[in-house]
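Some notes on the structure that comes next.
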Amino acid sequence: MSRAALQQHLDHLAEQGRHVDLWLRDDDAVRPTPALEQLLGLAARHEVPLTLAVIPEETGEDLAERLTAERRVDVAVHGWSHRSYSTPPAKKQELGRDRPLDVVLDELSAGFRKLHALHGAGFVPMLVPPWNRIAPQIVAALPGLGFRLLSVFGRETPAALPLLNTHLDIMDWHGIHGGRPADSLHAELLEHLRAEPRLAAIGVLTHHLVHDATAWAFLEELLALTARHPACRWRRARDLVPGLAI
Ligand SMILES: [Zn+2]
């Protein structure tokens with residue numbers, strides 16, 4: 001039912017000559033894996049661009065070599081180590097105030113430089129904080145490290161640098177730790193399409209390493225529905241934010 005309502009809404013937008021911008025962010029890549037191949041294959045089949053949030057500490061040449069031929073894949077900085085330094089029961093956080101600010105900033109700077117060197121033209125100066133959490137004092141320092149864009153989860157808010165967020169998370173992190181039911185995802189996407197004020201671009205968030213069959217099936221269905229729909233434009237992060245390519 002929700003899928004039909006979503007399709008109807010998109011058809012209606014197209015009839016009015018309107019469109020919506022979408023972008024796809026996938027987190028936690030470190031090296032080539034069968035799951036990454038599945039993601040890259042799916043995106044390529046539908047000609048949908050993709051931003052991979054790569055964890056810098058352990059990544060290396062093998063991922064960079066694999067992505068060389070992928071013309072539609074951007075690489076963003078996903079923290080440094082993806083380790084949490086918060087004290088339970090506080091929520092997991094790498095980029096909080098649990099450590100001295102200069103230690104955190106040195107790691108982020110190292111991550112920026114490492115991924116830029118590895119990925120060259122595929123690199124975008126975007127920070128994706130692990131668990132989508134970052135302390136305001138760290139955000140304020142990001143432009144000084146070379147970052148030009150921040151991406152977390154939820155509606156964008158004013159910050160020291162532009163935000164390009166994700167809004168639709170296909171995973172159920174609290175319940176089954178698998179993909180969320182397609183019906184509720186379609187309904188939520190429809191809500192984002194109808195939201196006022198409008199979202200500049202709707203970000204879809206995926207985590208290829210932990211996708212189950214439900215998650216893969218939803219992503220396949222979403223791209224099949226939207227990739228060639230006249231009301232949908234899947235965009236690269238670098239094209240949504242002027243001056244992002246470095
Ligand atoms: Zn992550």
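The values are calculated or read from the model by the stated rules, or taken from the named source; none is laboratory data. The shown structure was predicted, so the numbers you read here are calculated from the model rather than taken from an experiment. We place every Cβ from the backbone using ideal geometry, glycine too, and count neighbours over all the protein chains shown.
Which condition from (1) of a type in the set (D, E, K, R); (2) within 12 Å of the ligand (Cβ to nearest atom); (3) crowded, with 17+ Cβ neighbours inside 10 Å is the one that Lys114 breaks?
(2)
Determine which single condition Pro49 fails, assuming it passes every other condition in (1) within 16 Å of the ligand (Cβ to nearest atom); (2) within 30 Å of Ala217 (Cβ to Cβ); (3) surrounded by 14 or more Cβ atoms within 10 Å (Cβ to Cβ).
Among (1) within 16 Å of the ligand (Cβ to nearest atom); (2) within 30 Å of Ala217 (Cβ to Cβ); (3) surrounded by 14 or more Cβ atoms within 10 Å (Cβ to Cβ), the lone unmet condition for Pro49 is (1).
Scan (1) at pLDDT 95 or above; (2) more than 16 Å from the ligand (Cβ to nearest atom); (3) of a type outside the set (D, E, K, R) for the single condition Leu240 breaks and write down its number.
All conditions pass for Leu240, except number (1).
Could you tell me whether Ile176 is over 29 Å from Val124 (Cα atoms) and either buried (at least 17 other Cβ atoms within 10 Å of the Cβ) or not aromatic (Phe, Trp, Tyr) (or both)?
yes
When the range 28-46 is examined, which residues are found to be among the acidic types (Asp, Glu) and either within 13 Å of the ligand (Cβ to nearest atom) or buried (at least 22 other Cβ atoms within 10 Å of the Cβ) (or both)?
Within the range 28-46, Asp28 is the sole residue that qualifies.
Tell me whether the range 198-217 contains one or more residues that are without any contact (Cβ under 8 Å) to a residue 24 or more places away in the chain, of a type outside the set (S, T, N, Q) and not in a helix (DSSP H, G or I).
Checking the range 198-217: at least one residue is without any contact (Cβ under 8 Å) to a residue 24 or more places away in the chain, of a type outside the set (S, T, N, Q) and not in a helix (DSSP H, G or I).
Could you tell me which residue of the range 1-27 is farthest from the ligand (Cβ to nearest atom), considering only residues that are outside any helix (DSSP H, G or I) and surrounded by 17 or more Cβ atoms within 10 Å (Cβ to Cβ)?
Val20
Those residues that are within 14 Å of the ligand (Cβ to nearest atom) and surrounded by fewer than 17 Cβ atoms within 10 Å (Cβ to Cβ), I need them from the range 58-70; list them, please.
The answer is Glu58, and nothing else.
Taking Leu205, is it over 19 Å from Leu150 (Cβ atoms) and at pLDDT 95 or above?
Answer is no for this residue.
Which residues, taken from the range 113-136, are on the phi > 0 side of the Ramachandran plot and within 12 Å of the chain's Cα centre (by Cα)?
Result: Trp131, Asn132.
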